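Just so it is clear, none of the values below were taken in a lab; they were calculated from the coordinates. Computed from a predicted model, the values in this text were never measured in an experiment. Here the Cβ positions follow ideal geometry from the backbone for every residue, glycine too, while neighbour counts run over all protein chains shown.
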Amino acid sequence: MRDLLVGLFVLVGLGAVAYLSFRVGGLSYGGPGGLVLYASFDQTGGLKERAPVVIAGVKVGQVSAITLDGNFRARATLDIDRSLRIPTDTTASVVTAGLLGDRYVSLQLGGEEAYLKPGDEITFTESAVILERLIGKLVHGSTDGTGDTKNDKSE
């Protein structure tokens with residue numbers, strides 16, 4: 001009897017460890033039929049697969065794939081909770097959690113009465129802001145395309 005109780009205790013412990021591993025790792029089985037949407041960005045800034053997709057700070061899905069499209073733009077596949085109704089004029093932005101945190105996709109809902117269907121493209125997107133580029137512009141000054149940073153026209 002004691003061996004049976006110890007065995008059950010070990011099985012419950014292994015189940016708890018497996019559950020926590022899935023929760024911490026961000027994996028979930030949403031089952032078939034999630035709302036799959038696409039968004040193209042000029043720059044993803046290190047956005048990774050399984051990155052969260054959030055609306056108003058609430059996780060509603062994740063990035064399932066990132067590929068290049070025919071115009072050499074990053075095309076992100078977003079797997080979102082099917083129960084949500086996303087307006088067609090929604091904006092997708094790649095943002096950073098904190099100053100140097102991980103990247104995620106934030107959706108700002110629009111006001112249209114028509115809704116996106118599975119396989120639709122989010123047409124309004126904002127690419128990631130690359131901190132290194134901003135610092136480089138600050139250090140090297142704003143250029144006019146010629147490499148000359150002088151703004152003095154009195155010469």
Counted residues in the range 80-115 being under 17 Å from Gln62 (Cβ atoms) and not β-branched (Val, Ile, Thr) come to 13
Exercise for the section: Look at Gly110 and say whether it is surrounded by 10 or more Cβ atoms within 10 Å (Cβ to Cβ) and within 17 Å of the chain's Cα centre (by Cα). Expected result: no
Note on Arg50: of the conditions (1) over 21 Å from Val129 (Cβ atoms); (2) of a type in the set (Lys, Arg); (3) more than 10 Å from the chain's Cα centre (by Cα), unmet is (3)
